[in-house]
Amino acid sequence: MAASTSADALIPRIVTDEDATCLTTQVTMQQLILDLLPDQTPSLSHFLPGDNVELLAALKTWLNQPVQSYPGNLFVIWGPTGCGKSFLSQCMASTGFSPLPLADMAPLPPTGGWILEDAQKLGETEQQDLFRHLVHLAHAGERLLVTMDLPPDAQTGLREDVRTRLGAGHIYRLEPLNEAAQRQLLAKRAEHRGWALTPEVLDYLYQRAPRDLSSLAGLIRRLDELSLEQKRPITLPLLRAALAESFVTPAVTTD
């Protein structure tokens, strides 16, 4: 009997018109929910500086002044995973920056400039392409912002000529926000979405979720979506559901 049940489980289930209609309805509802969420296009006005006041001031000056000649048109930001580099890159995208097309040696200039994330991950061919772009940058009135995990001179995985050219630009470390600043930022993002992030929910979140801003901000976004989907307030049970979806182990994080 058990063998028969196991064999039946291997038979593909036929998708009926009713199933397809149900799936289409679910997808449509998900899109409606996303459309109802407030516009969360990142901008530098959303960036909480913390210990990065000097970096933020230098970046704004770099953006607001006319494009300088090389190496003044190159801006390098480095810092550990989860410190906010990706969010800052998204802020730059909202000002007209576009991903640098490494394989394209003659791209149309973007409105604001080019951006290259995680330069330390580039392979041999990509590094060769980047070097050509850096040579081009020396003769072009274009901006390039690069992010990486360590400063250029510590990037042992990059070619020396790439490290040297990257090291000639403006170089700033992006300091991670401390917990108090992170809580302030998350509370502001929740408030912008139209709900209050209570201390109880924040405490539970910090006990059981990764401490990097990317993961925390993703959970805030998912909480918002779940609240609309299920028509439930933001409470601990809803947070537990969001954590379970994110495959976060429900254990206290101490690092």
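Residue by residue through the range 85-112, note down the ones that are of a type in the set (S, T, N, Q) and in a loop (DSSP other than H, G, I, E, B). Talk me through it step by step, then tell me what you get.
The first filter runs over the range 85-112 and keeps only residues of a type in the set (S, T, N, Q), leaving 86, 89-90, 94-95, 98, 111.
Within the range 85-112, 94, 95, 111 meet the criteria.
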For this session: Run down 45, 69, 89, 98 and say which single residue is modelled with pLDDT of 90 or more and farther than 17 Å from residue 116 by Cβ.
Result: 69
Problem set entry | Cross-chain or 6+ apart pairs with Cβ under 9 Å, the range 193-204 first and at positive phi, then surrounded by fewer than 12 Cβ atoms within 10 Å (Cβ to Cβ) and at pLDDT below 85 | 194/38
Exercise. Is the range 185-200 home to any residue that is closer than 30 Å to residue 109 by Cα and surrounded by fewer than 19 Cβ atoms within 10 Å (Cβ to Cβ)?
Worked result: no
For this session: Could you check, for the range 118-131, whether at least one of its residues is in the same structural domain as residue 64 (by TED's automatic domain parsing) and at positive phi?
Result: yes
For this session: Consider residue 180 carefully, then state whether it is buried (at least 17 other Cβ atoms within 10 Å of the Cβ), in a helix (DSSP H, G or I) and not polar (S, T, N, Q).
Result: no
For this session: From 143, 165, grab the single residue that is closer than 19 Å to residue 77 by Cβ, of a type in the set (Lys, Arg), under 24 Å from the mean Cα position of the chain (by Cα) and crowded, with 18+ Cβ neighbours inside 10 Å.
Result: 143
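Do we find a residue being at pLDDT 90 or above and farther than 20 Å from residue 116 by Cβ anywhere in the range 78-86?
Going residue by residue through the range 78-86, those that are at pLDDT 90 or above are 78-80, 85.
Retained after the next criterion (residues that are farther than 20 Å from residue 116 by Cβ): none.
No; the residues of the range 78-86 include none that is at pLDDT 90 or above and farther than 20 Å from residue 116 by Cβ.
The values are calculated or read from the model by the stated rules, or taken from the named source; none is laboratory data. None of these values were measured; they are calculated from a predicted model. Note: ideal-geometry Cβ built from the backbone for every residue, glycine included; neighbour counts use all protein chains shown.
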